[in-house]
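Report on the structure given below.
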Amino acid sequence: MENKNLKILLAAPRGFCAGVDRAIEIVKKSIDKYGSPVYVRHEIVHNKHVVDGLKKIGAIFVEELEEIEDKTRPVIFSAHGVPKTVPKEASNLNMTFVDATCPLVSKVHREAENLHKKGAHILLIGHKNHPEVVGTMGQLPRNSIELIESVEDAENYFNKNNNKLAYITQTTLSVDDTKDIINALKKKFPNIYEPKKEDICYATTNRQSAVKKIAKSCDMFFIIGSRNSSNSVRLVEVARNNGCKNSELIHSESNVPFEKIANCKTIGISSGASAPEVLVEEFINSLKKEFNVEIEEVEIVKENIIFKIPGKLN
């Protein structure tokens, strides 16, 4: 392949958000405090590189508490949040547990509980079976919260018991898709109660805004992240919907598509909120071997949010 010039527009902010940083730190500090192994229920964040790194220092990942052989060892709940039944089960088993739920997800949990106490029937805008959605729906009694996945769901929703309605959203959705679903709900139910401040997290919004800003200037766009990472998959959609149809997810099993890139003058790169910066660096380094690379970082906002680690780990 001829060595040709390639311009990279590098989106910023990208990669780890404060909630992911905090969750990973919680696992490391738990291993420091309790020794290994410590168990983690569900992937702490959706990234194979991160999970494999934590396994090496003594974390064991399980999907359910019943898989934990030694119940005297501590268990950590992932950043996505868990249904109320999970800490209850851990308490019944006399297990030590540390909750690494992202504070912004916890905020949505509290919001759901408060709305429920006020007698509202809650519509959760989100993706079925995503761990965050499972955790949020698991904060409330059955039949008091329902999932809305699309504009069609919103338009077809029937308020059968004439309930007072309220909506909340998953934190990692596409800002634009969510806006369309909310508009459909408001049109159908003008009195629906909405959150005082939108639920989509600042990091999701910032990463999507940065991708939007540069997508139309790119021949291809690459998002570094995992296939089961909601916010990473949304970033690919955002790039496609904002001027760069040729957008792809680069995950742990991806091969770098050098032939396609050879036809590009400019490519965009960003990464999901659970993807470490080292993966972005590795991707760029692989490109440097094939092309004369010029990098321009396009930053739309500085992020300086830090979430505190639970006191019992300090």
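The values are calculated or read from the model by the stated rules, or taken from the named source; none is laboratory data. The structure displayed is predicted, hence computed values, not measured ones. Every residue, glycine as well, gets a Cβ built from its backbone with ideal geometry; the counts of neighbours run over all protein chains shown.
Limited to the stretch 242-282, what total is found for residues that are within 20 Å of the chain's Cα centre (by Cα) and of a type in the set (A, V, I, L, M, F, W, C)?
8
Residues checked against (1) modelled with pLDDT of 95 or more; (2) out of contact with any Cys (no Cβ under 7 Å at 6 or more places or on another chain):
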position	(1), (2)
Phe222	yes, yes
Ser230	no, yes
Leu235	yes, yes
Ala239	yes, yes
Cys244	yes, no
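Hey, could you check the stretch 128-172 for residues that are surrounded by fewer than 16 Cβ atoms within 10 Å (Cβ to Cβ) and either in the same structural domain as Arg234 (by TED's automatic domain parsing) or in contact with an Asp or Glu (Cβ under 8 Å, 6 or more places away or on another chain) (or both) and say which is nearest to Glu63 (Cα to Cα)?
Lys128
Report, by residue number, each residue of the stretch 287-299 that is surrounded by 15 or more Cβ atoms within 10 Å (Cβ to Cβ) and either on the phi > 0 side of the Ramachandran plot or in a helix (DSSP H, G or I) (or both). Show your work before the answer.
Within the stretch 287-299, the first condition is being surrounded by 15 or more Cβ atoms within 10 Å (Cβ to Cβ), and the residues that meet it are 287, 290-291, 293, 298.
Across the stretch 287-299, the qualifying residue is only Leu287.
Quick one: would you say Asn163 is modelled with pLDDT under 95, under 14 Å from Ala275 (Cα atoms) and not hydroxyl-bearing (Ser, Thr, Tyr)?
Working: modelled with pLDDT under 95: yes; under 14 Å from Ala275 (Cα atoms): no; not hydroxyl-bearing (Ser, Thr, Tyr): yes.
In short, no.
Can you pull out every residue in the stretch 199-241 that is within 16 Å of the chain's Cα centre (by Cα) and charged (D, E, K, R)?
Listed by number, the residues that qualify are Asp199, Arg207, Arg227, Arg234, Glu237.
With (1) acidic (Asp, Glu); (2) in a loop (DSSP other than H, G, I, E, B); (3) out of contact with any helix residue (DSSP H, G or I) (no Cβ under 9 Å at 6 or more places or on another chain) as the list, and Glu43 as the residue in question, which single condition is left unmet?
Looking at each condition in turn, Glu43 falls short on (3).
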